[in-house]
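Everything below concerns the one structure shown next.
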Amino acid sequence: MFNKKRMTSLFTSAKKTIIHPPAESILFGYLLVVLAVLFGAYWCIINPPPGVYFTLDEQFISDSGVFLLYGASPRCLEWPAVPMVLVYYLLALLHCGFLLVRQLLTGSNPVEIFKLIDQSIYAYLQDRTTYILIGRTVQLLLTATLMILTIRNLPKSSTQRLPVSVRDLLIIVMVVNSELLISPGIIRPEAIAYGLCLYIITAILFTDTPDRWFGYRLMLITALLINQRMIFLILLPFILGSLILRTQPTFSWKSTGKLVAALVASLVLTNPFFATDTLIHVKAFAGGIIAKVAAPNQANPLLAQSLQPVNAFLILLTLLGFHFFRKQYPDKRIVWLYMANMGVFALLISRSAVVYPTHTLPLRILGLVPLAFGGIGIWQLITRQQRLAVQISGSLFCLFTLYDSLKFQVNAHQLTNYQQVVTWLNTLAPQTSVLLPPDFEGRLRKNINSLKRELSAIQDAELSQAKLNRFIGFIRNKPDQLSRSILFNEILLEDERLTAIQHRILVQHTPPQRYIDPYFYSPQVGFINYYIPSDQALSNFDKGTYAFLISENPLENRRPERVYNQQAGLPYYVYKASPETMSPDPQFVRSSR
């Protein structure tokens with residue numbers, strides 16, 4: 001049934017260190033990257049979904065970059081996606097430079113530039129579309145460049161490290177991948193990290209003769225990778241250990257120290273916030289770890305997803321691929337280090353209380369190389385007739401991946417119930433008070449009363465202290481001493497600065513008698529000062545405090561005025577206050593205490 005002679009041909013050819021000439025598979029890989037770029041450009045830039053956004057992550061990254069102009073610390077340091085934060089900062093600087101030059105050419109007072117910048121940032125807060133689409137374009141081009149550089153480097157490896165057949169399959173699985181198609185780099189920071197990580201791994205494994213700057217270059221790229229997605233810190237044992245093995249014939253503490261110093265210097269160079277906001281970085285990273293480990297136990301989806309037929313087959317193929325990878329690769333120490341790092345990361349993910357698909361990205365990337373070795377290893381074992389079935393199965397797998405990508409985009413571009421509610425809210429008369437769930441935060445234009453009320457709550461010392469006390473409540477060691485520390489207070493409450501700056505700009509430039517007056521309610525309050533507890537909000541609505549209430553669930557003993565449940569997404573129920581119970585808006589209740 002199996003042809004063992006074919007299996008041995010995969011490994012006997014490894015003894016020949018023949019440099020690969022450019023092949024059709026490389027050009028085919030370039031073509032796949034171009035098609036992925038065109039796919040992402042159409043669905044995400046030329047024809048974006050209703051409301052432009054895919055996730056609020058884009059808004060957080062963009063705001064973090066733009067408001068560096070005002071000295072506010074980025075809000076996404078725990079991701080941290082800092083390279084894209086700096087891109088948005090450069091976009092804001094270029095816009096300010098354009099305004100300054102125009103002001104000078106017209107002979108106007110240069111001091112007016114500050115007012116113009118405030119006005120332009122106000123316009124940005126009202127509609128972030130231009131910045132978001134430019135940022136997506138930059139991310140798309142960066143991801144494509146990284147993939148092309150990675151593919152271009154693969155032919156430079158010898159067959160001793162990377163057989164031709166494995167290389168060809170590796171190119172296909174790298175590009176025909178959900179990270180580039182289903183979740184393109186223009187949506188989230190993961191695909192840029194995907195390209196950076198692939199470049200590092202393939203360079204470490206398949207570069208034949210590293211030059212003297214090889215380790216330092218990869219340390220710089222590793223710093224970019226960590227700054228783009230901090231979860232890739234987990235790969236440092238493999239990256240640093242493999243570089244030591246590849247660049248040092250005999251171990252040297254001096255050379256190792258230089259590599260570590262290069263990494264630290266690169267981290268600070270590519271992410272200056274490590275130096276300027278060190279403790280805030282620590283807070284963001286530690287807070288993210290605590291949130292994922294100490295959160296209430298949830299069903300970890302990793303096991304259930306692993307047992308799905310296609311995923312289970314790919315996992316088995318990857319595990320089998322480690323056998324062929326270890327047998328093929330000349331330095332077994334690097335293979336064992338690779339496997340150990342992958343195993344430890346899988347164990348940590350399985351023990352996490354909160355797991356999102358993005359958390360498993362390093363694991364999926366590490367699995368691509370053994371997956372390619374496993375696929376070719378099986379290919380060498382089977383007969384010609386069986387290979388036809390494998391070719392058909394592989395083609396179908398690629399087609400299904402493309403289908404899933406297209407399905408994701410079609411669903412994302414559907415008109416949703418949420419978008420219908422936003423459209424309806426924009427038709428309401430100005431000053432209309434509406435009680436909303438947190439999902440609508442950041443998607444609606446607020447009137448001057450709402451903005452002043454929220455700014456007052458953000459700057460309220462008692463509300464902020466109550467929030468601080470909630471944070472300190474999680475710390476068992478001398479919480480009273482922590483609450484009296486000004487440094488500790490400033491570190492924990494630094495997110496308020498950016499929010500306060502945004503509200504001050506909106507208050508100053510929002511025209512009076514425009515837009516609705518939204519209030520936000522949530523079952524969990526205390527993290528945002530102006531959110532109202534759900535029970536209290538519902539009680540206020542019954543008293544006629546708000547004209548409308550929007551809920552994701554039907555309310556008992558109440559008849560909705562409108563129901564939005566015919567489109568994609570969550571349903572929404574709109575309730576209107578009885579005219580008999582309508583009353584003027586009371587003074588804002590500090591419900592977050």
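Using the beta-carbon distance between residue 248 and residue 178 and R0 = 30 Å, what value does 1/(1 + (r/R0)^6) give for FRET efficiency, to the nearest 0.05?
Values: r = 37 Å, r/R0 = 1.23.
The calculated FRET efficiency here is 0.20.
A cut-off of 5 Å between modelled amide H atoms, ignoring neighbours fewer than 5 places along the same chain, links residue 568 with 417.
Residue 568 to residue 275: FRET efficiency via 1/(1 + (r/R0)^6), r the Cβ-Cβ distance, R0 45 Å, to the nearest 0.05?
On the way: r = 45 Å, r/R0 = 1.00.
Between residue 568 and residue 275 the formula returns 0.50.
Apply the a/c threshold of 1.5 to the C-alpha gyration tensor of the range 403-476 and tell me whether it is rounded, prolate or oblate. Oblate. What the phi angles of the range 391-398 give under the Karplus curve with 6.51, -1.76 and 1.60, with θ = phi - 60°, is a coupling list of 4, 5, 5, x, 5, 5, 4, 5 Hz, glycine and proline written as x.
Calculated FRET efficiency, residue 386 and residue 333, Cβ-Cβ r, R0 30 Å, to nearest 0.05? If you can, show how the numbers build up before the last one.
On the way: r = 35 Å, r/R0 = 1.16.
So the FRET efficiency works out to roughly 0.30.
Label positions at residue 236 and residue 212, each projected 7 Å from the Cα along the C-beta direction, are separated by 2.8 nm.
Which length gain, in nm to one decimal place, applies between residue 56 and residue 534 when the Cα-Cα distance is subtracted from 0.36 nm times their residue separation? Mind showing how you got there, number by number?
Working: separation 478, 0.36 × 478 = 172.08 nm, distance 2.30 nm.
Working it through step by step, the gained length comes to 169.8 nm.
Cross-link pairs exceeding 24 Å between alpha carbons, from the set 258/283; 156/327; 115/452; 283/467; 467/576: 258/283; 467/576. Using a probe of 1.4 angstrom, how much of the accessible area of the range 102-165 is carbon and sulfur, in percent? C and S fraction of accessible area: 64 percent. Sorting 282, 138 by accessible area puts them as 282, 138; the probe is 1.4 Å, largest comes first, and only protein heavy atoms count. Spacing of the modelled spin labels on residue 282 and residue 413, each 7 Å from Cα toward Cβ, amounts to 4.9 nm.
Taking amide H as placed 1.01 Å from N in the peptide plane, the amide H of residue 520 sits under 5 Å from that of 436, 532, each at least 5 places away or on another chain.
How much length is gained if the chain between residue 423 and residue 578 is pulled fully straight, taking 0.36 nm per residue apart and subtracting their Cα-Cα distance, in nm to one decimal?
Working: separation 155, 0.36 × 155 = 55.80 nm, distance 2.31 nm.
Gain on extension, residue 423 to residue 578, equals 53.5 nm.
Across 337, 198, the residue with the most accessible area heads the list, and the full order at a 1.4 Å probe is 337, 198. Note: relative contact order over the range 41-168, using C-alpha pairs below 8 Å and six or more positions apart, is 24 percent.
In a fully extended conformation the segment linking residue 490 and residue 46 would gain 155.6 nm over its present Cα-Cα distance, using 0.36 nm per residue.
For residue 561, the residues whose modelled amide H falls within less than 5 Å of its own, excluding neighbours fewer than 5 places apart on the same chain, are 574, 575, 576.
Per residue, the solvent-accessible area of the range 511-565 (1.4 Å probe, heavy atoms of protein chains only, all protein chains present) comes to 54 Å².
The values are calculated or read from the model by the stated rules, or taken from the named source; none is laboratory data. Remember, it's a predicted structure, so these values are computed and weren't measured experimentally. Methodologically, a virtual Cβ is constructed for each residue, glycine included, from the backbone with ideal geometry; neighbour enumeration extends over all protein chains shown. What goes into the accessible areas is simple: the full protein's heavy atoms, side chains included, and nothing from ligands, DNA or RNA. Shrake-Rupley method; radii C 1.70, N 1.55, O 1.52, S 1.80 Å.
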